[in-house]
Amino acid sequence: MDLEHNTFLRDRYRILEKLGKGGMGAVYLAQDTVLQTNVAVKVNQNPRTEGREQFLHEARLLASLRHSNLPRVSDYFVIDESQFLVMDYVPGDDLGTIVQRDGMQSVDKVLYWARQLGNALQYLHSQNPPVFHRDIKPANIKITPRGEVMLVDFGIAKSSDASQETSTGARGLTPGYSPPEQYGTARTGPYSDQYSFAAMLYNLLTNQKPVDSVERLLGQKVLVPASEINPEVPLHVQAAIERALSVKPEDRFGSVIEFVEALGASIGSYGDATQVRPTKPVQIVPPNIQYPESTKVAGAQIPSQPISRPPSQPGYQPISQQPPSQPPPYQPPPPPPPPAYTPIPSQPLSQPLPTTKSKKWILPVALIIIAAILIIGAIFVMNLLKNNNPMKTATNLPLVMVLTNTPQLIPTETLKPTDTQLPETTNTATIQPSLTPTDLPTVTPTSALEVIGRGGLVAYISNEADGTTFQVWTMKVYLDPEGKLVAGDKTQITTNPGNKFYPAWSPDGKRIVYSAESGDTTNKLDLWTMDPDGKNQTNILTIPGDETNAAWSPDGQWIVFTTNNRADGVLQLMVVHPNGTELKRISTDKQEFSAEWSPRMDKLVYVLSASNARYLWIRDPKNDFIDTEQTMDFGRLKYFDDPAWSPNGEWIAYTRMEGRTQDIYLDRTSSFGLEIKRLTNTTFDAYPAWSSDSQWILFNSNRDGNQEIYIMNIDGTQQTNLTNTENISEMQAAWQIN
């Protein structure tokens, strides 16, 4: 059964196009009209009982797995006896297509992919009971536009549980990639996946498929060493692959992880992306780049990406339409790669901040309020005793007015000048003596709005103008007379063609740096600066690749940013003066992104992917940005993204990204990772940004099905949707420092 374009399934999934077709079924690209994101819909075209059982087996198996390099299942249903499986849509080409088009791949790129795939296989093999894919080959490995490896097609996967044996006829065979035990009646296991994994790496490095395993077993053919075909293959890599390709399972490595470590044990010049350093407190191994899905951001068309991040961000794709951060069809700039799954957590999730510590202000504030009430009450009683006339209190009114006149209540343009003359006797008639000071603010006009966070503009990106192009906008955040947080003074400050991302303020609040599409396929996203009203737009940097996630140094002398312009696409950090001079790459062989300055400029922190996690690493801006080889928390916290240092220097707000979940956390900088607090729990929140007074945090969220800008205070309360615009995406807020 072929599905036509615009066919609706269950009044929710709209078919867009057919992606592929095989013996078991067809796969379609569809739009989830509820969540406004693209999904893959797989249709079973095998009517036999065993075929239906196998299809349902795949659905249940994938639904039980959660890993950044594996697709997720979100729905399963039957229509007119046809089975449908809805899962993540994975953009990008498969490795079979890539090799066929580009030929043999570079060693460092292959080892980078191997680390990610090895993590995914180790995760499968560590399940209870273990899961074996049994069909690993280039065509079943997709590489997303951000370099993320995705292992697909679990049609013949099986569990080691005896009750989960594969259906009849499902023992798939791919000559060159299937081990000998998969041809006969012998049991398959993790060693079978290891063989196929090695065969695939051999193909990537040589552009040749290994000779069939059975022919080797019978002595009819021998395996040609990879280095004879491709002299760039190091001998230790060749040796590791040949061992994993042993025709006898007992001659292979004890596990996939052992195989991967053998591949990267002495990479040397091939870079940290594949190194394993077990002796280090924090291992620096190939970053698990995932795209970012970065961010992924739900509900809007995002520009093409290079990312998670990132953009995270930088474009991250945790949220189906976020540009990165992070943080997708035409996806935003490279968001930082999403973290890889850690099969066996080595430590508990971050500990909540003790409530006693987070509410130290309650007791002093309560004492001050009580004292104020007692003083006012005493004055009132004394006046009653002296004058024996409760209404003769005019002499005391000015004092009361002074005590209750809060300077934070900023009158709007509608206020008349006479409203500010509080001491005049004409106002006293409306104020009756009372022991309840809360009645006094009624003298403030109801139209008055209180600017919070010391005021300042909020720069952000939105596609509100035409529903497609992301432009830079500004707004202010207020408290209305009812105490509700609201956004006002929204203004679009860029209008020229092309998407913009990642606005960030200069320390004096007089300039904004941002990323903008250059219009050509080489330079992609460039760095620009402009005034807060959008005037004096200046292109300060034009180099190949995407330049994203810029951050201005506290002294105003440097701008640090993330770039993917290295030949292999690994994310790196560079710095440049605001006028575009003295461009310098400060990253070397590691994947580094999402940099943030400390307020005193004694540290430059950034996210480093290592050992299936993301750590907050430190560089020294006072010493030519050298790597200090230290983390902010001694490696206690493992899932950093979008770090944001509070202006008072006490906290780092960050996105905790684990798999495809993301929430906002706080880490007290002086606690070295021991005092943290979870502020959000929707799993759809990212990209925190501080107010000048370090009391409020803006952040991205698509918890309501649309990418919006939210605000909350430092203890995670008063979470409010500020933008709240249906079918419009707003994100990547940056608060002007006052």
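Laboratory data are not the source of any read-out in this text; all were calculated from the coordinates shown. Predicted model, so just to flag it, every value in this text is computed and none were measured. Note that each Cβ is placed from the backbone with ideal geometry, even for glycine, and that neighbours are counted across all protein chains shown.
Data table
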| quantity | calculated |
| --- | --- |
| Net length gained if the chain between Gln557 and Arg600 were fully extended (0.36 nm per residue, minus Cα distance) | 14.1 nm |
| Ordering of 618-629, 245-256 by burial proxy (mean other Cβ atoms within 10 Å per residue, highest first) | 245-256, 618-629 |
| Highest to lowest packing among 656-663, 85-92, 235-242, scored as the average C-beta count within 10 Å | 656-663, 85-92, 235-242 |
| Using a Förster distance of 30 Å, the FRET efficiency for Asn727-Thr522 (Cβ separation, nearest 0.05) | 0.35 |
| Distance between segment 232-259 and segment 30-71 - C-alpha centres, whole angstrom | 33 Å |
| J(HN,Hα) series, segment 229-234, from Karplus relation 6.51 cos²θ - 1.76 cosθ + 1.60, nearest Hz, glycine and proline x | 8, 10, x, 6, 6, x |
| Among the listed pairs Lys18/Lys137; Lys42/Lys142; Lys42/Lys209; Lys109/Lys638; Lys638/Lys677, those beyond 18 Å (Cα-Cα) | Lys18/Lys137; Lys42/Lys209; Lys109/Lys638 |
| Residue exposure sequence - Met601, Met530 - by fewest surrounding Cβ within 10 Å | Met601, Met530 |
| Residue-span extension gain [Asp715 to Glu482] - 0.36 nm each, minus C-alpha spacing | 81.8 nm |
| Dipole magnitude of segment 8-88 about its Cα centre (Cβ charges: Lys, Arg +1; Asp, Glu -1), debye to nearest 20 | 140 debye |
| Around Tyr195: net Lys/Arg minus Asp/Glu count, Cβ-Cβ under 9 Å | -1 |
| Lys21 versus Thr468: modelled label distance in nm, points set 7 Å from Cα along the beta carbon direction | 3.1 nm |
| Between segment 175-216 and segment 677-738, the alpha-carbon center distance in angstrom | 49 Å |
